[in-house]
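Here's the structure, in structure tokens; my notes come after.
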Amino acid sequence: MDADHTLLARVADGDEHALRRLYERHAADMLRLLRRLTSDPGTAEEILQEAWLAVWRSAGGYRGESSVRAWLLGITRRRAHDRLRRAALTTVDVDEAPEPADVRADVEGQVLASLGHEEIMAAVRRLPRRSREVVTLAFVDGLPHRDIAEVLGVPVGTVKSRMAHARARLVRSLRDEGTEGT
């Protein structure tokens, strides 16, 4: 990703063409994230523009500790949360509820292996926001834990913990859903 680093350095120097190239490379990923965070396509587009304005203004602050893509997604996520907070559209976060301590990995694997894509995606959509973000960034966007931590502005250990909690919730949800039909 040296090309992205070079482009971002050029953006920091005021190169509008470099900003356009970064936009072409990453705007679709940023918009996909925004569409997951807000249900209104118009709002997602507005936030995307705000995010790119923030990129233009803060490109000189990029420290290179993560990929440019993760840095851009982090800016995008922060802009979305700022906008949603201002609009009072955020919901109560049930992700803070304590998790049961004993979840067995072998049961998890069996449950996940026995289900189809649609059932799993429906269960992911039912996850609390924080858990859903981590799962989506990992499996849809293909980001490693380090980059997810950068996007979310949390330590890597928090990402790992949220991933473990999300997996446990998914397995419970999918297992319970499977027993309802019997």
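Cβ-Cβ distances below 8 Å connect the following pairs, each with a first residue in segment 128-153 that is under 10 Å from A166 (Cβ atoms), a second residue that is among the small types (G, A, S) and open to solvent by less than 10 Å² (accessible area, probe 1.4 Å), and a separation of six or more residues or different chains: S131/A166; R132/A166; V134/A166; V135/A166.
Only residues that are small (G, A, S) and buried (at least 20 other Cβ atoms within 10 Å of the Cβ) were counted across segment 128-151, and they come to 2. Scanning segment 152-176 for residues being buried (at least 16 other Cβ atoms within 10 Å of the Cβ), more than 19 Å from E65 (Cα to Cα) and of a type in the set (S, T, N, Q) gives a total of 1. Which one of these is farther than 21 Å from M30 by Cα and either at pLDDT 85 or above or of a type in the set (G, A, S) (or both): G142, G116? G116 is the lone residue from the list that is farther than 21 Å from M30 by Cα and either at pLDDT 85 or above or of a type in the set (G, A, S) (or both). Here H5 does not fit the description of being under 30 Å from R132 (Cα atoms) and buried (at least 18 other Cβ atoms within 10 Å of the Cβ). Only one entry in S39, S58 is among the hydroxyl-bearing types (S, T, Y) and either farther than 16 Å from I75 by Cβ or touching a residue at least 60 places away in the same chain (Cβ under 8 Å) (or both), namely S39.
The values are calculated or read from the model by the stated rules, or taken from the named source; none is laboratory data. Treat the numbers as computed from the prediction; the structure is a model and nothing was measured. Reconstructed Cβ throughout: ideal geometry from the backbone, glycine too, with neighbour counts over all protein chains shown. Keep in mind that these areas ignore ligands, DNA and RNA; they rest on the heavy atoms of the full protein, side chains included. Shrake-Rupley method; radii C 1.70, N 1.55, O 1.52, S 1.80 Å.
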